[in-house]
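Everything on this sheet refers to the single structure shown next.
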Amino acid sequence: MATFVSLVSWTEQGIKNFKESPARADAFAQLVAKNGGTVKGLWWTLGQYDLVAITEAPDAESATAVLLQLGAAGSVRTVTMQAFDREALERIIAKTG
């Protein structure tokens with residue numbers, strides 16, 4: 001499974017409906033699961049981003065499908081990075097020769 005870190009910002013629609021955020025988080029977890037992944041953690045934050053999500057997905061294509069569907073709902077925008085644990089980094093380094 002691939003790991004992804006998403007920095008999430010509410011849109012105007014999202015902030016107007018902030019009280020629905022817990023229910024939207026549940027719907028997000030269901031969407032991730034429907035696409036073969038899991039939500040490892042979700043935190044509401046102060047500062048530049050409103051939430052941080054750590055998810056696992058079978059591959060980048062599956063994660064992108066989730067993020068496209070999430071963005072289309074209109075409540076959030078995301079900046080997402082693929083993350084690598086130590087073992088993955090060691091495999092990457094091994095490929096460099």
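Just so it is clear, none of the values below were taken in a lab; they were calculated from the coordinates. Keep in mind it's a predicted model, so treat the numbers as computed, not measured. For neighbour counting, all protein chains shown are included, and Cβ atoms are generated from backbone atoms with ideal geometry for every residue, glycine included.
Restricting region 69-90 to residues that are free of Cβ contacts under 8 Å to residues at least 40 places away in the same chain and loosely packed, with under 10 Cβ neighbours inside 10 Å, which is nearest to residue 28 (Cα to Cα)?
Across region 69-90, the extreme among qualifying residues is 72.
Is there a residue being of a type in the set (Phe, Trp, Tyr) and in contact (Cβ under 8 Å) with a residue 12 or more places away in the chain anywhere in region 14-27?
Taking every residue of region 14-27 in turn, none turns out to be of a type in the set (Phe, Trp, Tyr) and in contact (Cβ under 8 Å) with a residue 12 or more places away in the chain.
Just to check your reading of the model, which residue among 63, 88 is under 29 Å from residue 18 (Cβ atoms) and of a type outside the set (Val, Ile, Thr)?
63
Considering only residues that are assigned to a strand (DSSP E or B) and of a type in the set (Val, Ile, Thr), look in region 74-97 and name the one that is farthest from the chain's Cα centre (by Cα).
Ranking the candidates gives 76 first.
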